[in-house]
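Notes follow the structure.
The values are calculated or read from the model by the stated rules, or taken from the named source; none is laboratory data. Note that the structure is predicted; figures quoted are calculated from it, not measured. Heads up, the Cβs are rebuilt from the backbone with ideal geometry, glycines too, and the neighbour counts pull from every protein chain shown. What goes into the accessible areas is simple: the full protein's heavy atoms, side chains included, and nothing from ligands, DNA or RNA. Shrake-Rupley method; radii C 1.70, N 1.55, O 1.52, S 1.80 Å.
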Amino acid sequence: MLHRPRRTRKNAVIRELVAETRIHRDMFVYPYFVTHGKNIKHPIQAMPGINHFSIDLLLEDVAVGLKHGINKVLLFGVGEEKTTDGSSSHSHTSIVPDAVRALKEKFGDQLFVITDVCVCAYTTHGHCGILHEGYVQNDASVDLLCKMALAHAQAGADMVAPSDMMDGRIGAMRETLDKHGYENTGIMSYAVKFASAYYGPFREAADSSPQSGDRKAYQMDFRNGAEALREALQDVDEGADIIMVKPALAYLDIIRSVKDSILLPVACYNVSGEYSMVKVAAAAGLVDEQKIVMENMCAFARAGASVIITYHARDIVEKGWL
Ligand code: PBG
Ligand code: ZN
């Protein structure tokens with residue numbers, strides 16, 4: 001026999017030598033849910049191990065993460081005043097700008113702060129834009145999202161991450177940021193975001209469920225792969241710095257095809273439902289948490305993601321799973 005593939009699997013040392021994929025902590029972005037108040041660290045029932053933080057305890061928790069090399073965070077605002085027009089989303093004193101200022105003041109450039117830009121946690125109807133007669137208005141929503149992105153940039157965000165899925169928002173945001181002197185504030189686009197049941201636990205965490213209907217008129221149909229590429233290419237053209245695919249686990253084919261079609265870094269979002277399924281199955285003793293988490297991380301990297309947004313990040317680094 002000329003070819004014996006088992007030769008390079010003979011022992012752990014040779015397996016390490018020929019490993020094609022390696023996970024490094026620098027790939028991780030860790031999401032946080034931030035809320036007003038003091039001394040708050042409330043567990044989110046639907047996401048074991050994940051909490052709502054007030055800014056004071058957020059600062060403490062981020063400091064612990066930084067010691068383990070988690071130096072990129074993605075912020076979601078929770079508990080802000082909800083209105084039909086989502087106006088609190090771009091207030092300079094709303095929770096996300098407050099948190100960004102506090103984080104940048106304490107950690108400076110040691111910490112890279114990314115903010116989620118979407119209005120679903122700020123609207124009474126829970127949709128990701130301005131609702132008119134049951135339809136989310138595209139261009140008016142883009143204007144609103146641009147104001148939100150600008151408020152985050154002015155607070156000191158290093159990068160904004162629009163997750164709304166309106167058409168043309170990346171170009172409009174790039175223009176708004178540049179016009180106000182924030183040409184170095186990056187944009188990570190949730191370019192390929194599917195209408196997914198995997199967001200279930202997040203909607204409890206962010207209190208952002210649509211009060212009527214669903215998000216299918218703006219988020220993508222998960223049956224479509226070519227459309228995913230069109231979305232990705234459009235956001236590249238509009239000036240995105242990083243292109244994200246979301247969710248991750250059920251969409252490895254999409255990550256790969258996006259990776260092969262563009263020259264920007266590709267991120268994947270290992271979303272709440274993917275996270276909670278693993279945590280619950282592990283707690284029930286059905287799977288080995290460390291092994292299954294690291295198998296998933298490798299799958300993301302092998303598919304082509306060089307940025308992994310995951311709620312598992314802290315466990316991975318603190319428990320020495322790398
Ligand atoms: C809001 C938003 C969602 C997520 C990130 N930003 C939920 C949604 O679109 O309904 C999902 C994150 C997760 O499930 O972990 N636009
Ligand atoms: Zn939204």
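For this structure, a couple of remarks:
- Relative contact order (percent, whole number), region 211-322, Cα cutoff 8 Å, 6+ residue spacing: 25 percent
- Within the straight-line cut-off of under 25 Å between alpha carbons, the lysines reachable from Lys82 are Lys38, Lys41, Lys147, Lys193, Lys216, sequence neighbours fewer than 8 places apart in one chain being disregarded.
- For Val64 and Leu263, a Förster radius of 30 Å and the Cβ-Cβ distance give a FRET efficiency of 0.25, rounded to the nearest 0.05.
- Region 279-322 and region 63-123: distance between their alpha carbon centers, rounded to Å: 25 Å
- Rolling a 1.4 Å probe over the protein heavy atoms of the chain, with every protein chain left in place, gives an accessible area that is 51 percent carbon and sulfur.
- The modelled label-to-label distance for the pair Lys179/His3, using points 7 Å beyond Cα in the direction of Cβ, is 5.8 nm.
- Charge dipole magnitude, Cβ of K and R +1, D and E -1 - the chain, Cα centre, debye nearest 20: 1600 debye
- In nm, spacing of pseudo-spin labels at Lys10 and Asp315 (7 Å Cα→C-beta vector): 3.6 nm
- Shape class for region 201-317: oblate, because the ratio a/c of the largest to smallest gyration tensor axis (alpha-carbon atoms, square roots of eigenvalues) is 1.5 or more and b/c is at least a/b.
- Calculated FRET efficiency for the pair His42/His132, C-beta based, R₀ 35 Å, to 0.05: 0.50
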